[in-house]
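Below: one structure, written as structure tokens.
The values are calculated or read from the model by the stated rules, or taken from the named source; none is laboratory data. Just so you know, these numbers come straight off a predicted model, no measurement behind them. All Cβ positions, glycine included, derive from the backbone under ideal geometry; neighbour counts span all protein chains shown. These area figures cover heavy atoms from the full protein model, side chains too; ligands, DNA and RNA do not enter into them. Shrake-Rupley method; radii C 1.70, N 1.55, O 1.52, S 1.80 Å.
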Amino acid sequence: MGGLTDDPNFLATTFVIIDFETTTPTGYPAQPIEVAALALRYQDGAWTPVGKSESLIRPPTFAPVTSADTAQTGLTPEQLTQAPGPAEVLGALDRRFTAGNRYLLVAQHAPTEANVIHSQREHCPALARVDFLDTIPFAKHLVPGLPNYKLDTLLAHFSIPHPADRHRALADVEVTAQVFSRLVSAADDQSGVSDLTSLMKIAGRIAKCNIPVQSGLSTSSAPAGGGIANRSGQEGALLMIEEQLDRVEVPFWFDPLCPWAWITSRWLLEVEQVRPVRADWRIMSLGLTSTSSNATARASARTTGS
């Protein structure tokens, strides 16, 4: 081993593999019904568990467990009736993230877990400030050419046994931890992922609470603690700049007078937070475009008819 696992920042970071099972009520964000987290540190050439948490979560009345939820997870409404609510469960988990320590959350398809945490941030303010590592782009970088990068595909690729209770939070956390361990080992054997900074450029995702306001890259609103390596404002700004440079530009032509263009622009800003894209704003006029198109059509019609 070497390279990535020799990096002092990597060694100083506690990696917390996290997974939620949710119900998805119409018109509301996904609501957690189970959470599991496994904290790992890389010490003396091996991964060491330093904490574990799991709990069922009673969903709100507007988000009942459906038959589809039960079919996927095995969880029934009866099992969750006496479970603690999200404030109690996520509050207890939040208190395990102690000030001054370095944390990164690790998840398979991090935007899913990030969105759940962000929607519950009033119950877990410290957790909501912790940045993510996503195993999907990490795997795509190290193991190109797989048919897809779903968790089951990665388990098969790395010959990791498929758990009997797949789609339960703790089972998914434990196998995701194994996938992450295999990916770190592969990164040590390849060039290009020499330290935590390079890993974050490949697979990092900034927590929504740490994303600066859209008007600029200022990090003055982000606290010093919680995110990667308790980064300073300058380090956070540099990381944001690096992330912006890695994004794909999406040209967006918009008419300031068109309400539909405004609605779509708000959607694109949301997409920027969960996908590696950056809007390239370009102004236009639907009125002028329509007038020009109609004039061209009329001229063409006259030419054809003459």
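Grab the beta carbon distance between residue 112 and residue 255, set R0 = 30 Å, and tell me the FRET efficiency rounded to 0.05.
Values: r = 34 Å, r/R0 = 1.13.
Efficiency, from the Cβ-Cβ distance: 0.35.
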I need the shape label for the range 13-171. Rule: rounded when a/c is under 1.5, else prolate if a/b > b/c, else oblate, with a, b, c from the alpha carbon gyration tensor. oblate
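Might you tell me the accessible area per residue for the range 63-203, computed with a 1.4 Å probe and given in Å²? Intermediate results must be reported in sequence, preceding the final value.
On the way: 6230 Å² over 141 residues.
Per-residue accessible area for the range 63-203 comes out at 44 Å².
Need one word for the range 99-153: rounded, prolate or oblate. Basis is the Cα gyration tensor (sqrt eigenvalues a ≥ b ≥ c); a/c below 1.5 gives rounded, then a/b vs b/c decides. Walk me through the numbers on the way to the answer.
Values: a/c = 4.38, a/b = 2.03, b/c = 2.16.
Verdict is oblate for the range 99-153.
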Based on the Cβ-Cβ distance of residue 285 and residue 62, what FRET efficiency does E = 1/(1 + (r/R0)^6) give at R0 = 41 Å, to the nearest 0.05? 0.45
Coarse-grained scattering of the range 1-79 at q = 0.11, 0.21, 0.26, 0.27 Å⁻¹, given as base-10 log I(q)/I(0) from a Debye sum over alpha-carbon atoms: -0.45, -0.87, -1.18, -1.24
Taking a ≥ b ≥ c as the square roots of the eigenvalues of the Cα gyration tensor, with a/c under 1.5 meaning rounded and otherwise prolate when a/b exceeds b/c and oblate if not, the range 107-209 is oblate
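Can you give the Kirkwood hydrodynamic radius of the range 43-111 from its Cα pairs, in Å with one decimal?
In the range 43-111 this quantity evaluates to 15.0 Å.
As an exercise, use a Förster radius of 41 Å and the Cβ-Cβ distance of residue 166 and residue 263 to find the FRET efficiency, rounded to the nearest 0.05. Kindly include the intermediate steps, with their values, before the conclusion.
Values: r = 38 Å, r/R0 = 0.93.
Taking R0 as 41 Å, the efficiency between residue 166 and residue 263 is 0.60.
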